[in-house]
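To keep things clear, I will list the structure first and then write my remarks on it.
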Amino acid sequence: MVEITPSQRLTSLLDGSPLKPIQRWLWVLSTGGTLLDGFVIFALGVAMPLIIAEFHIAPEVVGLIGAALVLGAVFGAGIGGPVADRLGRKRLMLADMIIIVAGAATSALANGAMMLFVGQFLVGVGVGIDFPVSSTYISEVSPKRSRSRMMVATIACQSVGMLLAAVITLVLLKNVASAQNWRLFLTTEGIIALLFFLLRLSEPDSPHWLMTRGKFAEAAHAFIRIMPEQRGAVLQLTSSAGEQSPVNSVAQAKAPGLTILFSRPYRARTVLVAVPWFLMDIATYGVGLFTPIILGAIDISGREGGLITHDLAAAKGSAAIDLFLLFGFLLGIWAVPRFGRIRMQVIGFGCMAVGMLILMTAVQLPNSRLHIPLVFAGFILFQLVDERRA
């Protein structure tokens, strides 16, 4: 007969508890990285035409600046999980916001392409760290029945971040007629990250992580904050865990490491998860980062005007297109439980391909009246199905 440990009993109590306001608030705090990811993509895209005009950046350098964000995110995601296992979820969730603040400040004060590249790389590192750490955190503080729904809702915050960036950039472009507006866009990233940092100071660390580290008094405090109605049971179980020998209470089987993902039992699943996300991000970040530049190139403003006028028109067009990200997400909430994840993933990729084909067709018809409608149709279809594959 398998003995149930105090840690497992505490997990069962949390899994069976109802979703409480504090857990909803902790979920809000955990969305910082995802929201900022969407915000940064949109803000940098709108800023790019102004940055290009100021620094006279070549197209290949523009691509490198856009890639800096993604490159930093890859690096941050690679180190975020292992470091959080050593230092704790909360410390990393605070540190990544500080990194984003530093990156945003560097970007806003940039005096050239290199400084801007470094700043966006730092922002990407912070966002990349937050992705695995915050998702792990919310899974460890929420009840089992609500966990998957909260994880899916986190993904939607990327589109919320894009729409928030759209509102802020449009207000600034409309009311501050300056070619230096791009510095304000990037400064806003840092302000939002600083706000998340301050709000996260009051959150408890993951009680599960504290238990595995033998910090039973801190774990009890965290569990009680999350489920105060179980105070007596929590104190009893954490006390029992503390009375056990450290070896027996916290020792676990040695983690097999990343190699297990490529072992025979998990290889197909790893490919199924990794390859679609890899392909999706190539297209998603490319579309998100360079939509304003593409729309600016086809002059959707339809009237004479300066740089600010054209950037404002491109920002409006990008905002309208990105609104379909949110529509697609809401559609996905309805469709995925009914039709299954794999089927919706296939439909999503198929429709994304059709959207790209429509854009390719638009490129071949530069002088046609269908040019602009086809561009918007391609972008909208792509964004609509982008979130449905979650």
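The values are calculated or read from the model by the stated rules, or taken from the named source; none is laboratory data. In this text, all values refer to a predicted model and were calculated from it rather than measured experimentally. Quick reminder, even Gly has a Cβ in these numbers, built from the backbone with ideal geometry, and neighbours come from all protein chains shown. Protein only, heavy atoms only, side chains kept; ligands, DNA and RNA dropped before computing areas. Shrake-Rupley method; radii C 1.70, N 1.55, O 1.52, S 1.80 Å.
Do you know which residues across the range 166-187 are in a helix (DSSP H, G or I), in contact (Cβ under 8 Å) with a residue 12 or more places away in the chain, of a type outside the set (Lys, Arg) and within 12 Å of ILE308 (Cβ to Cβ)?
THR169, LEU170, LEU172, LEU173, ASN181, TRP182
In the range 188-220, how many are open to solvent by less than 20 Å² (accessible area, probe 1.4 Å) and assigned to a helix (DSSP H, G or I)? Step through it out loud before you land on a result.
Let us first name the residues in the range 188-220 that are open to solvent by less than 20 Å² (accessible area, probe 1.4 Å), namely 189-190, 193, 200, 203-204, 206-207, 209-211, 219-220.
From the residues that got through so far, the ones that are assigned to a helix (DSSP H, G or I) too are 189-190, 193, 200, 207, 209-211, 219-220.
Of the residues in that region, 10 qualify.
Quick grid of which residues meet (1) more than 30 Å from SER7 (Cβ to Cβ); (2) open to solvent by less than 30 Å² (accessible area, probe 1.4 Å); (3) not in a helix (DSSP H, G or I):
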{"position": "ALA104", "(1), (2), (3)": "yes, yes, no"}
{"position": "MET114", "(1), (2), (3)": "yes, no, no"}
{"position": "LEU122", "(1), (2), (3)": "yes, no, no"}
{"position": "GLY126", "(1), (2), (3)": "yes, yes, no"}
{"position": "SER134", "(1), (2), (3)": "no, yes, no"}
{"position": "SER139", "(1), (2), (3)": "no, no, no"}
{"position": "SER146", "(1), (2), (3)": "no, yes, no"}
{"position": "CYS157", "(1), (2), (3)": "yes, yes, no"}
{"position": "LEU164", "(1), (2), (3)": "yes, no, no"}
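Just to be sure I understand, how many residues within the range 360-369 are at pLDDT below 85 and of a type in the set (A, V, I, L, M)?
Total meeting the criteria: 2.
In this structure, is GLY63 open to solvent by 10 Å² or more (accessible area, probe 1.4 Å), over 20 Å from MET227 (Cβ atoms) and part of a helix (DSSP H, G or I)?
On the way: open to solvent by 10 Å² or more (accessible area, probe 1.4 Å): yes; over 20 Å from MET227 (Cβ atoms): yes; part of a helix (DSSP H, G or I): yes.
Judged against the criteria, GLY63 is a match.
Test of understanding: among PHE327, PHE339, which residue is open to solvent by 20 Å² or more (accessible area, probe 1.4 Å), at pLDDT 75 or above, closer than 13 Å to SER159 by Cα and not polar (S, T, N, Q)? Break it down stepwise before answering.
Working: PHE339 fails: closer than 13 Å to SER159 by Cα.
The conditions single out PHE327.
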